[in-house]
């Protein structure tokens, strides 16, 4: 018999342990072990259900949970935690995607088994019900051990599938209208984009890949969106987050009036989902054109670089510094001549701060130090306190360099600034990882 401790643990998260050993699966089910993290938020709430009932439904009826469990003292078993996790996930997905689901019919039916053999599998079957409406059925053989990542991705896939099929039915005015399903990476990415913490880390990873020169040519990026790899998983979340955040502004047609604004959110993601509802395949080229506004691959890559450059300078975590923030600041610690047609006294066009101490008598170095101060102050606006202090210390060094202070005083000030920058990076790594 399950203990209260086990049930409490399952309410907070479904443990992803076990050897995946086989259990009985209802006839007609197919194992689809390929979906990931818990997603998004939508305004639905649970119906008050008598403890004796073994099924739960959301108020809009989209989510239904059934259970094989024998009644426990509280009459709920695992169907309560599973139901709450599913409804919360659907809520977040709806809010993150901008896709509002028509109410009134089940689109996600979850069957909770009573297995206790640590089976982590999530089994899926897609079918049409008696009304010819698409329904995704999930089966959790051992709910205490079900893989939460797979469960979350399945929910995201079920939501997108239901939305596309119902949009197609509404447009056709008939049941069982044809539609296309999104690629696997889209459901995976949406489940990550709908989770604020995953979305943050996915953007940080993308910036780190781009800064390190590890991003492919932009038109080739869709081929790298593989949920099965750590890097591919992060890129899936990054791309979906970009699509749902990228609003497409209506522009005036040539020689005519402005187009009528689209009802509801008009983002790259909603446009791509509209294609699926029209029974058109997901097109990576169309996605890239919508994101960049360009058709030429080289211009698309340039637009992608501009987007990444802006993201690199954005304050992703107000009041805190990420390792990428510190690295970006450190990359600014060079002096450049104030004009393109002049050089420093030694003939170079760039001068590290440590070398600037040796060349402190060069008037071009001193003028460059004066100009650099404001740029460093602007770089750390909105960042963490330690990085701001490191920037202030570097500005004091530059001010002393511009005033012509001696090499000993300049060395002392730069040593202090570098020590503060090292402390800021150590704090960022401790908080966010490398």
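Tell me, how many Å apart are the Cα centres for segment 374-434 and for segment 265-315?
Measuring centre to centre over Cα atoms gives 38 Å.
Taking the Cβ of each residue in 91, 405 as the centre, tally the other Cβ atoms inside 10 Å and list the residues starting with the fewest.
With the fewest neighbours first, 91, 405 line up as 405, 91.
State the extension gain, in nm to one decimal, for the chain segment bounded by residue 285 and residue 367, taking 0.36 nm per residue of separation less the distance between their alpha-carbons.
Length gained, residue 285 through residue 367: 24.7 nm.
Kindly put 241, 389 in sequence by how many other C-beta atoms sit within 10 Å of each C-beta, fewest to most.
Lowest count first: 389, 241.
With a point put 7 Å past each Cα toward its Cβ, work out how far residue 385 is from residue 127 in nm, to one decimal.
6.0
What order do you get for 239, 101 when you list them from fewest to most C-beta neighbours inside 10 Å?
Fewest-to-most ranking of 239, 101: 101, 239.
Work out the FRET efficiency for residue 61 and residue 378 from their Cβ-Cβ distance, taking R0 = 45 Å, and round it to the nearest 0.05.
The computed FRET efficiency comes out at 0.30.
A short reminder: the numbers here are calculations on the coordinates, not readings from a lab. Note that the coordinates shown come from a computational prediction; the quantities given were computed from them, not determined experimentally. With ideal geometry, Cβ positions are generated from the backbone for all residues, glycine too; neighbour counts draw on all protein chains shown.
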